[in-house]
Amino acid sequence: MNTRTLLHWLPAPYLFAILAAPVWAAEVGAAEDRAAEVGTAPALLELPPGVTTHADGRAPIGQLYASYLRLLELGWTLDVIIQSQPAGTDIALPIIALRSPSCGPAAWFLSGIHGEETAGPNALAAAIDELGVLGQEVPVVILPLNNPHGYARNWRYLNVPVYDESVDGQSVGDSSHLLPDVANPGEARAATASSPEADAITRYVLARQTAIRLATASTCTKTI
């Protein structure tokens, strides 16, 4: 199923928000997980108490997580990629991935990278039943809330709690540590990842793109 077909399959009200987040086509398979920092979460994911959500009509963050976890009832797997606790926060919130119970060429949905852009995480939660049905037909991987603290606080950057024109804001979506430098293509644009979150998310995605090359058709029994 190509991206155009996939998006036409989803109900129309959710299309704009899904398009606002990247939709990647990548292979996933059943080879051993190479990302050591990724853990498989228990069936129930408990959030720390006292988490409040910016009051502008967006769904409370706890409600979003509860919606996403309904996929576990359909045999999906929940991974906790990293516990995120950026500057100015007192508690950690999980960045999660959900994987449908099949393997092969997969549709990847990533949303909630910029905390003040709420359409993607809310659309995925609203369309969770449709995505669950889709996941029974084709492999699907969802990273629905890549910047949970940003969503709760209506804030984009990880390294500064409030705007400061003297500081270069760092997004959870930064990948300069993997992209080639324009002047020196043999080197990365940055020596290290801009944050633990950016490092963990890119490692998670790359590990699963690599895994299919290590698996055979006979061992491809489950999405990783």
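Available extension along the chain between Glu46 and Ala183 is 44.7 nm, counting 0.36 nm per residue and deducting the alpha carbon span.
Distance between the modelled labels on Ile91 and Glu165, one decimal in nanometres: 3.6 nm (7 Å Cα→Cβ projection).
How would you rank 72-78, 100-106, highest first, on the average number of other Cβ atoms within 10 Å across their residues?
100-106, 72-78
The slack in the chain from Thr202 to Ala190, taken as 0.36 nm per residue of separation less the alpha-carbon distance, amounts to 2.9 nm. For GluC sites (Glu not before Pro), the sites in the range 100-203 that DSSP calls loop and that have at most 10 other Cβ atoms within 10 Å are Glu165, Glu187.
Read-outs: derived from the displayed coordinates by stated rules, not from any lab. Remember, predicted model here, so these are calculated numbers, not experimental data. Cβ sites come from the backbone with ideal geometry, for glycine too, and all protein chains shown count toward neighbours.
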